[in-house]
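Data block below; observations after.
The values are calculated or read from the model by the stated rules, or taken from the named source; none is laboratory data. Bear in mind the structure is a predicted one, so any value in this text is a computation, not a measurement. Neighbour counts run over all protein chains shown; Cβ positions are idealised from the backbone, glycine included.
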Amino acid sequence: MNQDGLLSRGMIWAITAFGLLVIYAPPLYLLGVSFNPALQPALPHVSDVTLKWYLALVGEKQLIAALEQSLLVAAITGVLATGLSLLAALAYVELHARRTAWFLTVLLPMFVPGVIQGLALSAVFQRAGIKAGMMTVIGGHLLWALPFAFIVILTSFAVVRRSYLMAAADLGASRWQQFRDVTLPLIRPGLVSAFIFSFLLSLNEFTRAFYLAGRQNTLPVVLFGKMNSGASPTIYAMSGAIFLVSVFCVALVAANALLKRRAPQ
């Protein structure tokens, strides 16, 4: 490789590293603060690192209740978003003349600001006599997560070659059998990725939940309220734990994609 090529590659890596630093520095700083024994948002000395505030989370009943609510909402949202996105992706594959219109229709909620979407849904639910609660939050989160899950699943359909389905049809397989025995096994990694992606989007979503939550708020809403009333070290611990769980889930998605790529075709 010539000198110009090395210089170009070095600049690309430098820009990439700077971008990653800007993105991950704040959550990594927050994670470091969560191990600080002092009552201040500062990085601890190596000798002072402690799990004190993580252990103190057990006594934070409000945070634990909010976490349980968020996990339940995220799990239901993940299942619904994955199932509906699969149906939307199957419809896209079957459509021809109006495929672009269908694609843009499914993606539309992605471009609606969370404040507008949350406020609009809140007004609609109130007008319909639906009380704010877990189901209204799920409705808002589902609209948010659905387009992303749709893109993930639709991308996974690239491995489903039409020749596979034609061969199954020649062997007498019905449309349902083709989907169950050919399509579904091939797109399973995409379904797993879509669920995890939707789960994380719901777990960390604040704006829509702020307008749609009932008596029991989700974790981001509770954390926002506690930060405004005075930061507590347990907030940093909870935030650090959520960050680690999110990184773990993303690692699962990456490992899932890597295993699929290395699997024999």
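General observations
- Within the range 100-111, the set of residues being within 18 Å of the chain's Cα centre (by Cα) and surrounded by 14 or more Cβ atoms within 10 Å (Cβ to Cβ) comprises Val106, Leu107, Pro109, Met110.
- Some residue of the range 185-203 being basic (Lys, Arg) and touching a residue at least 24 places away in the same chain (Cβ under 8 Å): no
- Matching residues in the range 199-215 - criterion: being charged (D, E, K, R) and either in a helix (DSSP H, G or I) or surrounded by fewer than 19 Cβ atoms within 10 Å (Cβ to Cβ) (or both): Arg208, Arg215
- Candidates are the residues of the range 77-99 that are of a type outside the set (Val, Ile, Thr) and under 22 Å from Arg208 (Cα atoms); the one that is surrounded by the most Cβ atoms within 10 Å (Cβ to Cβ) is Ala81.
- Unique residue being crowded, with 19+ Cβ neighbours inside 10 Å and either modelled with pLDDT of 80 or more or under 25 Å from Gly83 (Cα atoms) (or both) when the list is Ser193, Ser174: Ser193
- Every listed requirement among (1) without any contact (Cβ under 8 Å) to a residue 40 or more places away in the chain; (2) closer than 19 Å to Val250 by Cβ is met by Ile151 save one, (1).
- Selection within the range 216-245: residues that are of a type in the set (S, T, N, Q) and in a loop (DSSP other than H, G, I, E, B). The member of this set that is farthest from Pro37 (Cα to Cα) is Gln216.
- Just one residue in the set Ala167, Ala194 is within 24 Å of Leu107 (Cα to Cα) and either assigned to a helix (DSSP H, G or I) or in contact with a His (Cβ under 9 Å, 6 or more places away or on another chain) (or both); that residue is Ala194.
- Applying the set (1) of a type in the set (S, T, N, Q); (2) modelled with pLDDT of 85 or more; (3) not in a helix (DSSP H, G or I) to Asn36 leaves exactly one unmet item: (2).
- Yes/no for Leu219 being crowded, with 23+ Cβ neighbours inside 10 Å and modelled with pLDDT under 90: yes
- Val115 being under 30 Å from Phe243 (Cα atoms) and exposed (fewer than 15 other Cβ atoms within 10 Å of the Cβ): yes
- Boolean, Phe199 is of a type in the set (A, V, I, L, M, F, W, C) and at pLDDT 85 or above: yes
- Number of positions in the range 115-142 that are in contact (Cβ under 8 Å) with a residue 60 or more places away in the chain and out of contact with any Asp or Glu (no Cβ under 7 Å at 6 or more places or on another chain): 17
- Looking across the range 45-66, the residues that are surrounded by 11 or more Cβ atoms within 10 Å (Cβ to Cβ) and either more than 28 Å from the chain's Cα centre (by Cα) or outside any helix (DSSP H, G or I) (or both) come down to Asp48, Val49, Thr50, Leu51, Lys52, Glu60.
- Search result, residues across the range 246-265 that are at pLDDT 75 or above and assigned to a loop (DSSP other than H, G, I, E, B): none
- Candidate set from the range 18-29 (those that are surrounded by 10 or more Cβ atoms within 10 Å (Cβ to Cβ) and hydrophobic (A, V, I, L, M, F, W, C)); member that is modelled with the highest pLDDT: Phe18
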